[in-house]
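Engineer: Dropping the structure in here first, questions after.
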Amino acid sequence: MKHKRLIIFALSLGLCAVSGCGFDKYPPKTDDAAKEYIKPSGEIPTQEEREVVKAAKAEYEAAISN
């Protein structure tokens, strides 16, 4: 009985090892793929947006300083 279990376990292990061989985690490359990274151009925030950020930063600093 133990011999049969060992054979079944070995066959199961072998099938699992063989079935997982063809996995490729990266998609195939295409000809239209970019060769270099193009950095996005940033936007300069308006005065109103800067004041909102400054107020939020001041509130945060006040909260963590206590």
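Nothing in this text is a laboratory measurement; each read-out follows from the coordinates by a stated rule. The structure presented is a predicted model; accordingly, all values stated were derived computationally and were not measured. Ideal geometry is used to build each Cβ from the backbone, glycine not excepted, and the neighbour counts take in all protein chains shown.
Engineer: Using only Cα atoms, find the angle between the long axis of helix 2-19 and the longest principal axis of the chain, and express it within 0 to 90 degrees, rounded to the nearest 10.
Structural biologist: 50
Engineer: Which chymotrypsin sites (Phe, Trp or Tyr not before Pro) does the chain hold that lie in a coil by DSSP with at most 13 other beta carbons within 10 Å?
Structural biologist: Within the chain, the qualifying chymotrypsin sites (Phe, Trp or Tyr not before Pro) (loop, at most 13 other Cβ atoms within 10 Å) are 23, 37.
Engineer: Roughly speaking, what is the stretch gain from residue 35 to residue 3, that is 0.36 nm per residue apart minus the C-alpha to C-alpha distance, in nm to one decimal?
Structural biologist: 5.8 nm
Engineer: The range 11-66: which GluC sites (Glu not before Pro) are DSSP loop and have at most 13 other beta-carbon atoms within 10 angstrom?
Structural biologist: 36, 43
Engineer: On a 0 to 90 degree scale, rounded to 10, what angle separates helix 47-65 from the longest Cα axis of the chain?
Structural biologist: On a 0 to 90 degree scale, this one is about 70.
Engineer: Which is the longest run of the chain containing none of the trypsin sites (Lys or Arg not before Pro) found in DSSP loop states (not H, G, I, E, B) with at most 11 other C-beta atoms within 10 Å?
Structural biologist: Result, exposed sites excluded: 36-66.
Engineer: What number, rounded to the nearest 500 deg cm²/dmol, is the helix-based mean residue ellipticity at 222 nm of the chain, given -39500 (n - 2.57) per DSSP H run of at least four residues and division by all its residues?
Structural biologist: Calculated from helices alone, the mean residue ellipticity at 222 nm is -19000 deg cm²/dmol.
Engineer: If all Cα-Cα distances of the chain are sorted into 10 Å bins from 0 onward, what percent lands in each bin, rounded to whole numbers?
Structural biologist: 14, 14, 13, 12, 16, 15, 13, 4, 0
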